[in-house]
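To start, the structure itself, in structure tokens.
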Amino acid sequence: MSFFEITKKIIFPSTNIKLFLVFLIVLLLLVGDVTVELTGGTAYAYLHILYIPIILAGLTFSVPGGIITGILAGFLMSPYAPTFIAYELVQPFASWFLRLSMFTLVGAMAGAGASLFKAYISELELKQITDPLTGLPNMLGLAQFFTQLSHNKEKAFIVVVIELPHMQEVNEAFGEEGGDALIKQIGEKLKIAVNGDAILGRLQTNRFVILISDEKKVESILQRCEAEGETTYHVNTIPLFVDMRFGISRYPTDDKDLNNLTRKALIAVSTIHNRTQRISYYDKNTLGVSERNLLILHQLKAALEQKSLVLEYQPKEYLQTGKVMGFEALVRWFDPLLGAINPMEFVPLIEETLLINPFTHWVLETAMDQLYQWQKQGILVAISINFSVKNLKDQSLLEKLGVLLESLKIPPHFLEIEVTETSIASSVSEIASVLKKVREMGVRLSIDDFGTGQASQQYLFELPINAIKIDKVFVQSIAHNPAAASIVKNAISLAHELKLEVIAEGVETRNQYDLLTRWGCDAVQGYLISKSMPEEAATNWLNERLKAGSLR
Ligand code: C2E
Ligand code: MG
Ligand code: MG
């Protein structure tokens, strides 16, 4: 236990520790008193032992505790206590009185210090459980209420998630401040609607949560909240209508954990598809297995709107020169409800929906902005981004690509688009013309996860590509699996015959690196060089490389 934790235990004692501390304080007072007696009187500094119980009492029982113990300790060394017991030499009254005052003062000061500390900690704790914008409890705060409510195991209660589906538009029209102003107003109105009958909190930017412990009141609370959704709100004096949707889950039938109940209420919201429906109850029968997927899609939509996704950058390095070839941009997502979610899980899901387009628009904008930032710092380095085949059918994405290259003045060969072999092989004819256009713009093209597509590799002749990236499944086996080694060697020589560059993915060991160098592979990417890094770390990494002379 650290010093801080021990201090916290003394200042915020449990009943058991309190009893123990009272005992300890009394014991220390007596030990001090006996020590003074045994050592011949008050002339010696043994008196100072008494400061320990005094300070302890101040810390645990605040100012009154410190003062009482200070006075007690003062009287233990009573005015009649002799200075030298052997000579029965009585101490001067003024000396005793001064000591008593000092004891009391130190006790009071320890108490005051502890009270300040307590107030500070309480304030910190309050901040931790409060949403700063609305002053309502956040998820942590709601969790505390939930613990109290769920204490009574017999009692059922309801979790309502209120979602405001159009906050994105409000933010775009009025800026974040406008959006915040609206959320604040809605928070206040909902508080009045809930009217002490339930606990209202804020979940995320555009979501509120209500915990309703009295089932009889659910209907009337929901009605009042719905009515608040129909009133007019004002942002910058402009009147606005606010759309609200309600998702509901029940404790304990749907779940016994607040996070899961909230998640299930959110799933219920995400099943509302028509404008006339406002309220949806969680139904485990209709949702079942695809529940997580549905929630991922729902949360991802919110993450895109709130721009809470992050791009990380993983370097690629030329084998012959050891210089940096460029970076691959890889998306990272941490969702407050679901935790960190791997792109392997959510990218295939959004590829099945139209969300893949806004998602890739965001990836493109973010990566191009990063290219621009590095270029401004005098660092010329290429970035590759992953495109889904569906993206190639999005005319506006290709237009955006052209506009960004032009406006940011980025030489197009600094940008590379990776498309996976599996997806490309199944739709060569459809995408050939688009890929040609991309190449004509000067942007590079590479085939990702090379070797994993089952179909023929005829597309290699038909599509205007620059490079192939050998999938990590093969690369990681080259040292111990002769079949993998020959697949990789063949891929390298095939690519070279077609004048394509070869990048090996997932290189983790020196051995793999050396073998690939020997086989004439052009570049590698993998944990051996570096894992993907957030923007700042990638910039530092580049600067280190620049200093070492191995950037380009
Ligand atoms: P990918 O494009 O083949 O990306 C390479 C993956 O291999 C990345 O996983 C990377 O972190 C991982 N990796 C790199 N070096 C090593 C290594 O030495 N050992 C091992 N074990 N793994 C390594 P990540 O970031 O989880 O991405 C997985 C896949 O998700 C990507 O595979 C890509 O298909 C997709 N993805 C990621 N970001 C995006 C994106 O922005 N857009 C699209 N459409 N797909 C993306
Ligand atoms: Mg890739
Ligand atoms: Mg790959």
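Taking Cα pairs under 8 Å and at least six residues apart, what relative contact order does region 3-129 come out at, in percent?
27 percent.
When the Cα centres of region 411-488 and region 230-285 are compared, how far apart do they sit, in Å?
Taking the Cα centre of region 230-285 as reference, the centre of region 411-488 is 44 Å away.
Put one equal scatterer on each alpha carbon of region 302-446, apply the Debye formula with no solvent term, and list log10 I(q)/I(0) at q = 0.11, 0.13, 0.18, 0.19 1/Å to two decimals.
Result of the Debye calculation: -0.43, -0.60, -1.15, -1.26.
Where in region 183-250 are there GluC sites (Glu not before Pro) that are in a DSSP coil and have at most 12 other Cβ atoms within 10 angstrom of their Cβ?
Hits after loop and neighbour filter: nothing returned.
How would region 228-346 be classified by its alpha-carbon gyration tensor: rounded, prolate or oblate, with rounded meaning a/c under 1.5 and the a/b versus b/c comparison settling the rest?
Verdict is oblate for region 228-346.
In square nanometres, what is one fourth of the surface area of the convex hull spanned by the alpha carbons of region 95-190?
About 11.1 nm², averaged over all directions.
On a 25 Å Cα-Cα criterion, which of the cross-link pairs LYS301/LYS400; LYS437/LYS472; LYS155/LYS264 come out too long?
Over 25 Å Cα-Cα: LYS437/LYS472.
Where does region 139-303 land on the Kirkwood hydrodynamic radius, alpha-carbon pairs, in angstrom?
Computed over region 139-303, the radius equals 16.3 Å.
What percent do you get for the relative contact order of the chain when only Cα pairs under 8 Å and 6+ apart count?
Value for the chain: 8 percent.
When only C-alpha pairs under 8 Å and at least 6 residues apart count, what is the relative contact order of region 351-493, in percent?
The value is 18 percent.
I'd like to know how region 309-547 sits against the 2.2 N^0.38 Å rule of thumb: what's its Cα Rg over that expected value?
Here the answer is 0.98, to two decimals.
Between the DSSP loop rule and a limit of at most 15 other Cβ atoms within 10 Å, which trypsin sites (Lys or Arg not before Pro) in region 456-510 are left?
Hits after loop and neighbour filter: LYS499.
About the Cα centre of region 427-481, what is the dipole size in debye to 20, counting +1 per Lys and Arg Cβ and -1 per Asp and Glu Cβ, all else neutral?
Dipole of region 427-481, to the nearest 20 debye: 180 debye.
Per-residue ellipticity at 222 nm for the chain, helices alone: DSSP H runs ≥ 4 residues times -39500 (n - 2.57), over residue total, nearest 500 deg cm²/dmol?
Rounded to the nearest 500, it is -17000 deg cm²/dmol.
For region 303-368, which trypsin sites (Lys or Arg not before Pro) are in a loop by DSSP, counting at most 15 other Cβ atoms within 10 Å?
Answer in residue order: LYS307, LYS323.
With Rg and the Kirkwood Rh both taken from Cα atoms, where does Rg over Rh land for region 134-177?
1.19
Using every Cα-Cα pair within region 3-129, state what percent have a distance larger than 17 Å.
59
Would you pull out the residues with amide H under 5 Å of ILE470's amide H, same chain only if 5 or more places away, H placed 1.01 Å from N?
Counting only residues 5 or more places away or on other chains, the set is PHE450, ILE503, ALA504, GLU505.
Work out the length of the dipole vector of region 139-303 about its Cα centre, built from +1 on the beta-carbon of each Lys and Arg and -1 on the beta-carbon of each Asp and Glu, and round it to the nearest 20 debye.
Value, rounded to 20: 440 debye.
What is the angle, in °, between the Cα long axis of helix 428-440 and the longest principal axis of the Cα atoms in the chain? Nearest 10 is fine, range 0 to 90.
80
How are the Cα pair distances of the chain distributed, in percent, across 20 Å bins from 0?
The calculated distribution, bin by bin, is 17, 32, 28, 17, 6, 1.
Based on DSSP, what percent of beta bridges with both residues in the chain are antiparallel, to the nearest 5?
Of those bridges, close to 60 percent are antiparallel.
Among PRO165, ASN391, SER101, which residue has its Cα furthest toward the positive end of the charge dipole of the chain, with +1 on Lys/Arg Cβ and -1 on Asp/Glu Cβ?
SER101
Quick note: the coordinates plus some simple rules give every number you see, no bench work behind them. Note that the structure is a prediction, hence the values are computed from the model and not measured. Methodologically, a virtual Cβ is constructed for each residue, glycine included, from the backbone with ideal geometry; neighbour enumeration extends over all protein chains shown.
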